[in-house]
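Here the structure is laid out as C-alpha coordinates; the discussion comes afterwards.
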Amino acid sequence: MSISDLHKTIDSLFPDLNSIDSEGTQRACVNRKYYATYHHLLEVLNNHFSYDLSNEGRFGNTGHHKRVVLAFEDVYMTTGSKNAQQLYLKIQNFISKRHKADYYLDSDFDEFDYKQSIKFANDIPDLANKLVEELKNKRA
(Lines give C-alpha, C1' and ligand atoms only; values in the text may rest on other atoms or scores of the structure.)
Protein backbone atom coordinates (compact mmCIF):
# COMPACT_ATOMS: atom_id res chain seq x y z
CA MET A 1 0.00 0.00 0.00
CA SER A 2 1.27 3.45 -0.84
CA ILE A 3 0.77 6.83 0.77
CA SER A 4 -1.31 7.75 -2.27
CA ASP A 5 -3.55 4.76 -1.52
CA LEU A 6 -3.93 6.00 2.06
CA HIS A 7 -5.01 9.41 0.79
CA LYS A 8 -7.52 7.85 -1.61
CA THR A 9 -9.01 5.88 1.26
CA ILE A 10 -9.19 8.98 3.45
CA ASP A 11 -10.83 10.91 0.61
CA SER A 12 -13.43 8.17 0.17
CA LEU A 13 -14.14 7.99 3.90
CA PHE A 14 -14.21 11.76 4.38
CA PRO A 15 -15.13 13.34 1.01
CA ASP A 16 -15.95 16.80 2.38
CA LEU A 17 -13.79 17.72 5.34
CA ASN A 18 -15.64 20.99 5.87
CA SER A 19 -19.01 19.33 6.33
CA ILE A 20 -17.98 16.94 9.12
CA ASP A 21 -19.76 18.14 12.23
CA SER A 22 -19.74 14.97 14.33
CA GLU A 23 -16.97 15.03 16.93
CA GLY A 24 -16.44 11.28 16.56
CA THR A 25 -16.05 11.56 12.80
CA GLN A 26 -13.73 14.53 13.18
CA ARG A 27 -11.58 12.53 15.60
CA ALA A 28 -11.50 9.57 13.21
CA CYS A 29 -10.58 11.84 10.31
CA VAL A 30 -7.72 13.40 12.29
CA ASN A 31 -6.44 9.92 13.11
CA ARG A 32 -6.34 8.88 9.45
CA LYS A 33 -4.86 12.20 8.32
CA TYR A 34 -2.17 11.93 10.98
CA TYR A 35 -1.11 8.45 9.88
CA ALA A 36 -0.93 9.46 6.21
CA THR A 37 1.25 12.40 7.28
CA TYR A 38 3.38 10.17 9.51
CA HIS A 39 4.05 7.77 6.63
CA HIS A 40 4.97 10.68 4.38
CA LEU A 41 7.50 11.84 6.98
CA LEU A 42 8.95 8.33 7.26
CA GLU A 43 9.34 8.24 3.50
CA VAL A 44 11.12 11.62 3.54
CA LEU A 45 13.46 10.46 6.29
CA ASN A 46 14.19 7.14 4.59
CA ASN A 47 14.77 8.67 1.16
CA HIS A 48 16.67 11.83 2.05
CA PHE A 49 18.27 11.43 5.47
CA SER A 50 20.31 8.73 7.18
CA TYR A 51 18.69 8.11 10.53
CA ASP A 52 18.37 4.72 12.14
CA LEU A 53 14.85 4.89 13.55
CA SER A 54 15.00 1.47 15.19
CA ASN A 55 15.15 0.96 18.95
CA GLU A 56 18.90 0.48 18.58
CA GLY A 57 19.37 3.76 16.70
CA ARG A 58 20.46 7.13 17.96
CA PHE A 59 17.10 8.00 19.53
CA GLY A 60 16.75 4.73 21.42
CA ASN A 61 13.54 3.12 22.53
CA THR A 62 11.47 6.31 22.73
CA GLY A 63 8.65 5.10 20.51
CA HIS A 64 8.62 5.23 16.74
CA HIS A 65 6.56 8.42 16.44
CA LYS A 66 8.80 10.22 18.90
CA ARG A 67 11.88 9.11 16.96
CA VAL A 68 10.47 10.77 13.83
CA VAL A 69 10.00 14.00 15.79
CA LEU A 70 13.53 13.74 17.19
CA ALA A 71 14.97 13.13 13.73
CA PHE A 72 13.39 16.32 12.38
CA GLU A 73 14.50 18.19 15.49
CA ASP A 74 18.03 16.99 14.74
CA VAL A 75 17.72 18.16 11.12
CA TYR A 76 16.82 21.58 12.49
CA MET A 77 19.65 21.59 15.03
CA THR A 78 22.27 20.51 12.49
CA THR A 79 21.14 22.70 9.58
CA GLY A 80 19.59 25.72 11.29
CA SER A 81 16.88 25.62 8.63
CA LYS A 82 13.74 27.58 9.48
CA ASN A 83 11.78 25.07 7.39
CA ALA A 84 13.12 22.26 9.57
CA GLN A 85 12.26 24.20 12.72
CA GLN A 86 8.73 24.87 11.52
CA LEU A 87 8.33 21.24 10.48
CA TYR A 88 9.56 19.94 13.82
CA LEU A 89 7.18 22.19 15.75
CA LYS A 90 4.18 21.38 13.55
CA ILE A 91 4.81 17.63 13.84
CA GLN A 92 4.86 17.92 17.65
CA ASN A 93 1.62 19.89 17.64
CA PHE A 94 -0.07 17.49 15.24
CA ILE A 95 0.88 14.51 17.42
CA SER A 96 -0.63 16.32 20.42
CA LYS A 97 -3.87 16.89 18.52
CA ARG A 98 -3.94 13.27 17.36
CA HIS A 99 -3.39 12.10 20.94
CA LYS A 100 -6.24 14.31 22.10
CA ALA A 101 -8.48 12.90 19.36
CA ASP A 102 -7.55 9.26 20.03
CA TYR A 103 -6.81 8.95 23.73
CA TYR A 104 -8.66 11.64 25.63
CA LEU A 105 -12.30 10.95 24.89
CA ASP A 106 -13.40 12.84 28.02
CA SER A 107 -11.76 16.04 26.82
CA ASP A 108 -13.37 18.39 24.36
CA PHE A 109 -12.15 18.00 20.82
CA ASP A 110 -13.64 21.10 19.30
CA GLU A 111 -13.84 22.72 15.89
CA PHE A 112 -10.54 24.53 16.45
CA ASP A 113 -8.73 21.26 17.23
CA TYR A 114 -10.20 19.67 14.13
CA LYS A 115 -9.42 22.53 11.75
CA GLN A 116 -5.92 22.96 13.12
CA SER A 117 -5.29 19.23 12.67
CA ILE A 118 -6.47 19.35 9.07
CA LYS A 119 -4.19 22.33 8.48
CA PHE A 120 -1.25 20.38 9.93
CA ALA A 121 -2.11 17.42 7.67
CA ASN A 122 -1.98 19.73 4.66
CA ASP A 123 1.04 21.82 5.69
CA ILE A 124 3.44 19.20 7.04
CA PRO A 125 3.99 17.13 3.87
CA ASP A 126 4.47 20.30 1.82
CA LEU A 127 6.91 21.67 4.39
CA ALA A 128 8.84 18.37 4.44
CA ASN A 129 9.14 18.47 0.65
CA LYS A 130 10.23 22.11 0.81
CA LEU A 131 12.89 21.21 3.38
CA VAL A 132 14.25 18.45 1.14
CA GLU A 133 14.49 20.88 -1.77
CA GLU A 134 16.13 23.53 0.40
CA LEU A 135 18.79 21.11 1.62
CA LYS A 136 19.40 19.74 -1.89
CA ASN A 137 19.97 23.29 -3.12
CA LYS A 138 22.43 23.97 -0.28
CA ARG A 139 24.43 20.86 -1.21
CA ALA A 140 24.52 21.75 -4.90
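The values are calculated or read from the model by the stated rules, or taken from the named source; none is laboratory data. Computed from a predicted structure; not experimentally measured. Here Cβ is always computed from backbone atoms with ideal geometry, including for glycine, and neighbour counts include all displayed protein chains. In case anyone asks, the SASA skips ligands and DNA or RNA and just uses the protein heavy atoms, side chains included. Shrake-Rupley method; radii C 1.70, N 1.55, O 1.52, S 1.80 Å.
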For this session: Taking the chain as the reference, fit the longest principal axis to its C-alpha atoms, fit the long axis of helix 82-103 to the helix C-alpha atoms, and give the angle between the two in degrees, 0 to 90, nearest 10.
Result: 40 degrees
Problem set entry | Surface accessible to a 1.4 Å probe, Leu13 within the full protein complex, Å² | 100 Å²
Problem set entry | Accessible surface, 1.4 Å probe, highest first, among residues Lys33, Lys130, Lys66 | Lys130, Lys66, Lys33
Problem set entry | Acute angle (nearest 10 degrees) that the helix 3-13 long axis makes with the longest principal axis of the chain, alpha-carbon atoms | 10 degrees
For this session: State the answer as a single residue: which of Ile3, Tyr51, Leu70 lies farthest towards the positive end of the charge dipole of the chain, with beta carbon charges of +1 for Lys and Arg and -1 for Asp and Glu, about the Cα centre.
Result: Tyr51
For this session: Give, to the nearest whole percent, the P(r) tail of the chain beyond 20 angstrom, counting all Cα pairs.
Result: 49 percent
Exercise. Taking K and R as +1 and D and E as -1, what net charge do the other residues with C-beta under 14 Å from the C-beta of Asp110 add up to?
Worked result: -2
